[in-house]
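Encoded as structure tokens, the structure appears first; notes follow it.
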Amino acid sequence: MATTNKNDDGFNWAFALKEAAFAAIITAGLSFPILALRTDMDISNKLILNQRWSWLIVAAVLVFVGRLAVLSYAARPKSTRAASTAPQSDSSKFIAKWISAVGLLALFLFPIVVTSALGGQGALKWINNYGVQIMIYIMLGWGLNIVVGLAGLLDLGYVAFYAVGAYAYALLSTHYGLSFWICLPLAGILAATWGVILGFPVLRLRGDYLAIVTLAFGEIIRIVLINWVDFSGGYAGVSSIPRITFFGLPFNDNVGSFSNFFGLTYSPIHRTIFLFYLILCLALLTNYVTMRLRRLPVGRAWEALREDEIACRSLGINTTSTKLTAFALGAMFAGFAGSFFAVRQGFVSPESFTFLESATILAIVVLGGMGSQIGVAIAAVVLIGGTELLRELEWTKQIFGQDFDPAQYRSLIFGAAMVIMMIWKPRGIVSTREPSIFLKEKKSVSGDLVAEGHG
Amino acid sequence: MLSVSNPLLVVEHLTMRFGGLIAVNDLSFSVGRGDITALIGPNGAGKTTVFNCVTGFYKPTEGRLALARSGIAAAQDVADLTQSGAQHKQMPSGDIYLLERMPDFRIAHKAKVARTFQNIRLFQGMTVLENLIIAQHNPLMVASGFSILGVLGIGGYKASEQQAVEKAKSWLERIGLIDRADDPAGELPYGAQRRLEIARAMCTDPVLLCLDEPAAGLNPKESLELNTLLRSIRADHSTSVLLIEHDMSVVMGISDHVVVLDYGTKIADGTPSEVRNDPKVIAAYLGVDDGDEMNPAHGGAK
Ligand SMILES: Nc1ncnc2c1ncn2[C@@H]1O[C@H](COP(=O)(O)OP(=O)(O)OP(=O)(O)O)[C@@H](O)[C@H]1O
Ligand SMILES: [Mg+2]
């Protein structure tokens, strides 16, 4: 690699071509058993070997071109590279300021615009699959951001608190008939309690060890839910959970319902729109509390903890309670989101709370830029919205033929996008840190200086 | 042993063992109130370990560390407190803390002992101002109702925060970093980072400030500035200083009392001039050439 910088202004073609050819050869060597050879069954059920050498050539050429592109990108003249990492210009500050205001307005108008554009039936999918789904993950991302992004504690079992919240509403409402509005704070408190219960034993652990124990904790909760059938219904979960009501007015076609009360014609979209605004408010509450706490002693102590725990203790900061508040608060928001999940689905089962969920939420936080609220929101839109969009790749059949199943390539595209993202922006979409207080001028802190936390 | 008339901290029979290694061996000395006390010795003598015991980062294997935040602690009161098993008590003769019984953050918070580190430990990704605000965590925590009232916007948190900023500003002016208040601490030059770490420790309003090699890596001019800063801290604040230093110009120039350690054992204790002429100290430490020849493992001064 050192030779790439031999002459800064000229691009070293010989070297780049050699590198690219090398990468292409490796690709060909590694992938020829999968790409070039394929076993199929013929009509008499005998195995035959099909050869697809064109696939191999395409892959090798793609890698060759890609490697060349990466190398020429890396060899850009120094000046252009410096410009791209220069301190925030006025215009980018302006953009950063407006992006949240415009984003917020767009979110509030989203259901109205979509409904009027597509009508009740068409809008349902957009508001539910995109709007509500993404908002849930934004909220979870913001909640986990407190623990991972601010306090620097790597938590791989965050979904456990989401599960606690979901089951709290599911069980309290089905067994005791409590309404959603009573269960919501209860679910938050229960999840926060579990956050503290998890927090205590793992306080001494750092880094990898903390990650492993929190991962185990997430699995314990799920496995308890599966096996304690009397309590949670096991694999079958809890069903017929009471649906959301408009502060007491149910969303149905009967007398005394929401549509009846307001003199509207009944449509299922009403409930979905209400759910959308509900999760939007919950997410904004999470954001508001986090943003405020960042400017309060607790929030500053979280960030200081991420930077240097020993220095914190030398300044009289009780790191035990600081970590516990981070765990508890992060868990509380997951609990809120969980009870929302239960009231939206009307059904909960352990399958919704697998490790994959924790990993997705963590990916959102890491991709967004640890500690950045707006980055996390963008990452959630990209990741969750992107996954949903990939469901709608039917049109690719027109290019690749009817046998092509785009769904199979979802994980591949997803994974590749993550890898590219992390190469391009290793510290996430928003890689700078906003100071919580300033004297004269607010200057963003470069991500290179900000610690990631050690546990 | 130099007799200290009004001791702030009395260290008695302090021993710290790491497995078979005795890092500090039966060490006794006093830190006078309002004094600058220097703790010197060759590399590996156990100086940082003493600091870690005083500030609670290590739990001493044996020994007593009695700090009297106010008053002149009578021996009988200290003995009574030791008997009682408590960490702290307001005794007739003074407000006494037994540091060996307290966790590190409580020593900083309650007994008001602040420290700096041999390898600078700033919050690098936070701004210079934020570093100084975090140092005022505990009073701000109370002012914000443990942040609960703060979130709701109730109470006088804003005013307290403003006070904290004022205090930070006055320290930034003293250490000459007011123009860099909004820059990340990690971007400061080395000497400025050292000064900032001292200012951050001072923002906790300590009665005892422990500085671990504050002049290490400074150029002569910065070293001189440091001397001035330390003298002014002693003059303007009711803060006593415990100082580890290899730079003899700093030690001899500003300290009232010098304690010399070698291999974890105290070999001298007195005024700078007494210590300077002590043959044992010359052999072990100050006489770098002799020391190196007799005992290559010592390494001598940096
Ligand atoms: N946590 C620890 N575990 C084991 N040994 C330790 C530990 N801390 C210090 N030691 C040992 O104790 C001895 C004294 O170390 P210390 O750091 O106190 O020396 P020092 O006087 O501060 O030296 P220097 O001038 O190099 O900073 C050394 O031999 C060191 O290896
Ligand atoms: Mg040391």
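The values are calculated or read from the model by the stated rules, or taken from the named source; none is laboratory data. Given the structure is predicted, the values throughout are model-derived calculations rather than measurements. Don't worry about glycine lacking a Cβ; one is built from the backbone with ideal geometry, like all the others, and counts go over all protein chains shown. Side chains included, ligands, DNA and RNA excluded: accessible areas come from the protein's heavy atoms. Shrake-Rupley method; radii C 1.70, N 1.55, O 1.52, S 1.80 Å.
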So is B:Val259 open to solvent by less than 20 Å² (accessible area, probe 1.4 Å), within 16 Å of ligand 1 (Cβ to nearest atom) and either touching a residue at least 40 places away in the same chain (Cβ under 8 Å) or under 21 Å from B:Tyr97 (Cβ atoms) (or both) or not?
yes
Away from ligand 1 (no atom under 16 Å from the Cβ) and facing chain A (nearest Cβ under 9 Å), is that true of B:Tyr157?
yes
Please return the ranges of helices (runs of 4 or more DSSP H) entirely within region A:339-424 where 3 or more residues are open to solvent by less than 50 Å² (accessible area, probe 1.4 Å) and touching a His at 6+ places or on another chain (Cβ under 6 Å).
none
Check whether at least one residue in region B:171-183 is facing another protein chain (nearest Cβ under 8 Å) and out of contact with any Lys or Arg (no Cβ under 8 Å at 6 or more places or on another chain), and report yes or no.
no
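Yes/no per residue for (1) modelled with pLDDT under 85; (2) in a helix (DSSP H, G or I); (3) open to solvent by less than 50 Å² (accessible area, probe 1.4 Å):
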site: A:Pro33; (1), (2), (3): yes, yes, no
site: A:Ile43; (1), (2), (3): yes, no, no
site: A:Leu56; (1), (2), (3): no, yes, yes
site: A:Val61; (1), (2), (3): no, yes, no
site: A:Phe64; (1), (2), (3): no, yes, no
site: A:Leu71; (1), (2), (3): yes, yes, yes
Do you know which residues across region B:199-234 are farther than 12 Å from B:Ala114 by Cβ, assigned to a loop (DSSP other than H, G, I, E, B) and among the aliphatic types (A, V, I, L, M)?
B:Ala215, B:Ala216, B:Leu218
Among the residues listed as B:Val50, B:Val24, B:Val78, the single one being over 25 Å from B:Ala216 (Cβ atoms) and of a type outside the set (Asp, Glu)
B:Val78
Just for region B:235-249: of the residues that are surrounded by 20 or more Cβ atoms within 10 Å (Cβ to Cβ) and within 15 Å of ligand 2 (Cβ to nearest atom), which one is farthest from the other protein chains (Cβ to nearest Cβ)?
B:Asp247
Given the criteria β-branched (Val, Ile, Thr), within 14 Å of chain B (Cβ to nearest Cβ) and either more than 30 Å from B:Gln162 (Cβ to Cβ) or open to solvent by 30 Å² or more (accessible area, probe 1.4 Å) (or both), does A:Thr432 qualify?
yes
If I filter region B:20-36 for residues that are out of contact with any helix residue (DSSP H, G or I) (no Cβ under 7 Å at 6 or more places or on another chain), within 16 Å of ligand 2 (Cβ to nearest atom) and among the small types (Gly, Ala, Ser), do I get at least one hit?
no
Failed condition for B:Gly44, given (1) within 16 Å of ligand 2 (Cβ to nearest atom); (2) within 14 Å of another protein chain (Cβ to nearest Cβ); (3) among the small types (Gly, Ala, Ser)
(2)
Residues of region A:181-204 satisfying the condition of being modelled with pLDDT under 85, of a type outside the set (Val, Ile, Thr) and either in a helix (DSSP H, G or I) or open to solvent by 50 Å² or more (accessible area, probe 1.4 Å) (or both)
A:Leu198, A:Gly199, A:Phe200, A:Pro201, A:Arg204
Of the numbered conditions (1) open to solvent by 10 Å² or more (accessible area, probe 1.4 Å); (2) modelled with pLDDT under 90, A:Ser173 satisfies every one except a single condition; which is it?
(1)
Which of (1) more than 16 Å from ligand 2 (Cβ to nearest atom); (2) within 14 Å of chain A (Cβ to nearest Cβ) does B:Pro60 not meet, given it meets every other one?
(2)
Can you go through A:Tyr288, A:Tyr235, A:Tyr266 and tell me which one is open to solvent by 10 Å² or more (accessible area, probe 1.4 Å), within 14 Å of chain B (Cβ to nearest Cβ) and of a type in the set (Ser, Thr, Tyr)?
A:Tyr288
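Yes/no matrix, rows are residues, columns are (1) within 16 Å of ligand 2 (Cβ to nearest atom); (2) at pLDDT 90 or above:
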residue	(1), (2)
B:Gln76	no, no
B:Leu99	no, no
B:Met102	no, no
B:Thr116	yes, yes
B:Leu129	no, yes
B:Leu132	no, yes
Please count how many residues of region A:439-455 are in contact with a helix residue (DSSP H, G or I) (Cβ under 7 Å, 6 or more places away or on another chain) and either within 11 Å of chain B (Cβ to nearest Cβ) or among the aromatic types (Phe, Trp, Tyr) (or both).
4
Restricting the search to region B:236-275, which residues are assigned to a helix (DSSP H, G or I) and among the aliphatic types (A, V, I, L, M)?
B:Met248, B:Val250, B:Val251, B:Met252, B:Ile254, B:Val275
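Yes/no per residue for (1) under 20 Å from the mean Cα position of the chain (by Cα); (2) surrounded by 23 or more Cβ atoms within 10 Å (Cβ to Cβ); (3) not assigned by TED's automatic domain parsing to the domain that holds B:Thr239:
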site	(1), (2), (3)
B:Gly41	yes, yes, no
B:Tyr58	yes, no, no
B:Ala66	yes, yes, no
B:Val78	no, no, no
B:Ser84	no, no, no
Restricting to region A:426-455, give me the number of residues that are within 20 Å of the chain's Cα centre (by Cα) and free of Cβ contacts under 8 Å to residues at least 40 places away in the same chain.
1
Let me confirm something: among A:Asn318, A:Asn227, A:Asn254, which residue is farther than 29 Å from A:Phe110 by Cα and open to solvent by 60 Å² or more (accessible area, probe 1.4 Å)?
A:Asn227
Got a number for residues in region B:96-153 being in a helix (DSSP H, G or I), facing chain A (nearest Cβ under 7 Å) and open to solvent by 20 Å² or more (accessible area, probe 1.4 Å)?
5
If A:Thr214 satisfies all but one of (1) within 20 Å of the chain's Cα centre (by Cα); (2) under 30 Å from A:Leu305 (Cα atoms); (3) open to solvent by 10 Å² or more (accessible area, probe 1.4 Å), what's the number of the condition it fails?
(3)
Hey, does region B:218-226 have a residue that's within 18 Å of the chain's Cα centre (by Cα), within 16 Å of ligand 2 (Cβ to nearest atom) and without any contact (Cβ under 8 Å) to a residue 60 or more places away in the chain?
no
